[in-house]
Amino acid sequence: MTLVINGETVTVPDEVKTVSDLLAYFRLDNKLAIVEVNVRIIQKHEYGTTALCDGDRVEIVHFVGGG
Amino acid sequence: MNERYSRQQLFAPIGEEGQKKIRGKHVVLIGAGALGTGNAEALVRAGIGKLTIIDRDYVEWSNLQRQQLYSEADAKERLPKAIAAKRRLEQVNGEVEIEAIVGDAGPEELETIAAMQRPDLLIDATDNFDARFIINDVAYKYHIPWIYGACVGSYGISCAFIPGRTPCLYCLLETVPQGGLTCDTAGIISPAVQMVVSYQMAEALKILVEDWSALRGKLVSFDLWTNEYAAVRIDGVKKDGCPTCGRHPSYPFLSYEQRTKTAVLCGRDSVQIRPSARRQYDLNELAELFRRQGLQAEANPYLVSVSLGDKRLVVFRDGRALVHGTKDVQEAKAIYYRYLG
């Protein structure tokens, strides 16, 4: 499947089916992140049930603390 | 109006009117590290009316690579950052009133400033989420905009939160990130700092000139080494039940239980201890007391630093202390009580 993640076209393996899978694939699943799919923010409890489709536009912003 | 702000006034969205507004504004800056010094210099050069700087730390050599207001002399003297920043900023622009507060930006301190001084803007330049959730509560309780900023490595993130206009940090995060997630030891490069400062300052200028429609309305992040950029609109995440900005706010981070007396400092191998009652030390006397016990102690007008083998104890006038060389709160407390009673 091909997704547009943070503006870049990225091909992910077939096992990536949901937002949860995507975060795990990028090893962001233990980080605090905000995920937007096609301009809609996905709530954390929806990560496992939100399916991704070819061509979806995904924005991932993860929080950091330093300053 | 003198020539000093002419280029800023020529910028049409600010103009002469905007400059007058900027001049009448009071900004509170929480933290005077990398983001804090960058924001402070920009605000003072832009000609705000008053800047309050709150910081609990002092200048060290490892700060000089990116904390732009500090000099080698400040590190040698271990000057509190708020004091060193004020000194430098007064050289940059003598027209700006600068208030330096050496201390913790806890709920009591921030609420007092918000209630008594009614500042126009709070800028987050802290290094931890405990502080940010306190800022978030104070901002929404007193209807003051605040601007989140953070950076680590080559990555940075920023967002402006405006009571009455945007959801708050709690709506976005739902939980307070715990230590391991955010305490970074990944280093930091100065362009990441400057980029976050730029995002924060751009939103700050819009807020100060009251150009609300120009606000970004997005949580923005970037990585200057991997050349990535992402932005997410935040207006959709507002929650009616939010304890900070919902219909029945309780401001949980301002409650007594949240007033932590100890804090492990991010990536610093240090613990901060605040005594339950404020103390008032004569620092020279205290240093002398340590020396009589055969310890190596140095004092400046703001703090005493004592070497204890692989640990170091730094005591401020009001009894607040930093124990360096440990992340163990119990061990730090033991050291504190052994030497300060």
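The values are calculated or read from the model by the stated rules, or taken from the named source; none is laboratory data. All of these numbers come straight from a predicted model, not from anything done at the bench. Cβ atoms come from the backbone with ideal geometry, glycine included; neighbour counts cover every protein chain shown. Heads up: the accessible areas ignore ligands, DNA and RNA and are worked out on the full protein's heavy atoms, side chains in. Shrake-Rupley method; radii C 1.70, N 1.55, O 1.52, S 1.80 Å.
Remarks
- Comparing each chain alone with all protein chains together (probe 1.4 Å, DNA, RNA and ligands left out), the residues of the stretch B:231-247 losing at least 50 Å² of accessible area are B:232.
- Were the residues from residue B:117 through residue B:174 laid out at 0.36 nm apart, the gain over their Cα-Cα distance would be 17.5 nm.
- Candidates B:322, B:110, B:308: whichever shows maximal mean-square fluctuation once chain B is modelled as a Gaussian network with Cα springs under 10 Å: B:308
- What the stretch B:262-340 shows is 50 Å² of accessible area per residue, with the surface traced by a 1.4 Å probe over protein heavy atoms.
- Other protein chain Cβ atoms within 10 Å, averaged over every residue that makes up A:43-51: 1
- Applying the criteria of a DSSP loop state and at most 12 other Cβ atoms within 10 Å to the GluC sites (Glu not before Pro) of chain A yields A:15.
- Chain pair A, B: total accessible area buried, heavy atoms, 1.4 Å probe, Å²: 2100 Å²
- Using a simple spin-label model with pseudo-atoms 7 Å out from Cα toward Cβ, residue B:285 and residue A:30 lie 5.0 nm apart.
- From helices alone, chain B scores -10000 deg cm²/dmol at 222 nm; the rule is -39500 (n - 2.57) for each run of n ≥ 4 DSSP H residues, then divide by the residue total.
- The ellipsoid equivalent to the alpha-carbon distribution of the protein assembly as shown has semi-axes of 37, 27, 20 angstrom, derived from the gyration tensor eigenvalues as √(5λ) and listed largest first.
- Accessible area (Å², 1.4 Å probe, nearest 10) - residue B:245: 20 Å²
- Computed from Cα positions, the angle between helix B:329-340 and the longest principal axis of chain B comes to roughly 60 degrees.
- Share of carbon and sulfur in the accessible heavy-atom surface of the stretch B:262-340 [1.4 Å probe, %]: 44 percent
- 10 Å Cβ neighbours from other chains, averaged over peptide A:34-41: 4
- Long pairs among B:20/B:86; B:50/B:206; A:17/A:44; B:50/B:81, criterion Cα-Cα beyond 20 Å: B:20/B:86
- Helix B:283-292 axis, angle to chain B major axis (alpha carbon atoms, nearest 10°): 30 degrees
- Computed from label points 7 Å out along Cα-Cβ, the spacing between residue A:8 and residue B:269 is 3.4 nm.
- Of all DSSP-defined beta bridges confined to chain B, some 70% are antiparallel rather than parallel.
- Shielded residues, the stretch B:138-161 - accessible-area loss of 10 Å² or more between chain alone and all protein chains, probe 1.4 Å: B:148, B:150, B:151, B:152, B:155, B:157
- Test item: Cα-centred dipole of the protein assembly as shown, Lys/Arg +1 and Asp/Glu -1 on Cβ, debye: 920 debye
- Projecting the Cα atoms of A:20, B:254, B:232 onto the dipole axis of the protein assembly as shown, where Lys and Arg carry +1 and Asp and Glu carry -1 at the beta carbon, places B:254 farthest toward the positive end.
- Label sites at residue A:15 and residue A:57, each approximated as a point 7 angstrom past Cα along Cα to Cβ, lie 3.0 nm apart.
- Positive-end ranking of B:276, B:316, B:334 along the dipole of the stretch B:262-340, with charges on Cβ about the Cα centre, is headed by B:276.
- Whole-Å semi-axes of the ellipsoid equivalent to the stretch B:132-243 (Cα gyration tensor, √5λ, descending): 23, 18, 12
- Percent antiparallel among DSSP beta bridges (both partners in the protein assembly as shown, rounded to 5): 75 percent
- Exposure rank, largest accessible area first [B:195, B:201; 1.4 Å]: B:195, B:201
- With every protein chain in place, chain A: carbon and sulfur % of accessible area (1.4 Å): 50 percent
- Surface accessible to a 1.4 Å probe, per residue, for the residues of the stretch A:2-62, Å²: 54 Å²
- Working from the Cα coordinates of the stretch B:262-340, the gyration tensor eigenvalues give, after taking √(5λ), semi-axes of 19, 14, 11 Å in decreasing order.
- Most fluctuating residue given options B:241, B:24, B:103, as computed from a GNM of chain B linking Cα atoms under 10 Å: B:241
- Loop-resident sites, the stretch B:121-223, for trypsin sites (Lys or Arg not before Pro), counting at most 16 other Cβ within 10 Å (DSSP): B:165, B:216
- Charge dipole magnitude, Cβ of K and R +1, D and E -1 - chain B, Cα centre, debye nearest 20: 300 debye
- Inverse mean reciprocal Cα-Cα distance (Kirkwood Rh) of chain B, Å: 20.9 Å
- Residue-normalised accessible area of the stretch B:1-90, given per residue in Å² at a 1.4 Å probe: 41 Å²
- Along chain B, longest interval not containing exposed chymotrypsin sites (Phe, Trp or Tyr not before Pro), exposed being DSSP loop plus at most 14 other Cβ atoms within 10 Å: B:12-224
- Modelled FRET efficiency - R0 22 Å, residue B:215 with residue B:186, Cβ distances, 0.05 increments: 0.15
- With the charge dipole of chain B set up from +1 on Lys and Arg Cβ and -1 on Asp and Glu Cβ about the Cα centre, the Cα lying farthest toward the positive end among the listed residues B:148, B:166, B:33 is that of B:166.
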